[in-house]
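Read through the structure below, which is laid out as structure tokens, and then see the notes.
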Amino acid sequence: MQTYSLLFYAKKAKNNPELSTIYMRITVAGRRTEISTGQTVKTPQWSIKLGKVSGNSPNGKQLNSLLESFRAKLFECYNSLYNEGKEITCENLRNKYLEIEERKITLIEHNSKVKGLIDREFSKGTWKRYETSLRHTQAFLKWKFNISDIDVRHINAGFVADYEFYLRTVRNCSNNSAVKYIRNFQKIINICLNNEWIS
């Protein structure tokens, strides 16, 4: 399991330095994100060293208990992502905690974006090449998985190898044609990588 860390810290309010908002800082593989807990504390009562409210006041104990429940919930989210076989990143963990549904980026979706950029970033000739590649990709998805589209996060080296095998055997493409279609496919994957849709 990939390790992560959680730190609670307090940030002084701009309009009232005597009051601080408590945040959660989530770190996974060197990357971090922050979430406001929605809780405030008097600035002098916050212990930077301990990452919680200092002292034994009833309000302080109650707030510390609430923070620990946040910690437990985050750990549950981590375990849920792990058990679902999903990549664990600080962004995914944050979204899971906040119950933000991930927007899926699909493979076939990219081609419709290319079509919308004709005469701006792509020529009509480029679109026609992509359209031909699209038909091959859709046919491959139907042949291999019996689906019409696929989440880009499910694409890996094995997927590409199977696609190339399909082009050369089932579609009986020549070497030059197969290479051309794989190169078009690679451009789509590079866009996904650049946008961090896949790792």
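The values are calculated or read from the model by the stated rules, or taken from the named source; none is laboratory data. Remember, it's a predicted structure, so these values are computed and weren't measured experimentally. Here the Cβ is made from the backbone with ideal geometry for all residues, glycine too, and neighbour counts use every protein chain on show.
Tabulated data for the structure shown
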read-out	value
Check on T40, of a type in the set (S, T, N, Q) and touching a residue at least 40 places away in the same chain (Cβ under 8 Å)	no
Selected residue (criterion: farthest from the chain's Cα centre (by Cα)) from residues of segment 163-184 that are among the hydroxyl-bearing types (S, T, Y) and assigned to a helix (DSSP H, G or I)	S177
Meets criteria (farther than 28 Å from I198 by Cα, assigned to a strand (DSSP E or B) and not assigned by TED's automatic domain parsing to the domain that holds H154) for S69	no
Residue ID - farthest from the chain's Cα centre (by Cα), chosen from residues in segment 132-156 that are more than 22 Å from N92 (Cβ to Cβ) and of a type in the set (A, V, I, L, M)	A139
Options V152, V114, V160: the member that is farther than 30 Å from E34 by Cα, at pLDDT 80 or above and surrounded by 13 or more Cβ atoms within 10 Å (Cβ to Cβ)	V160
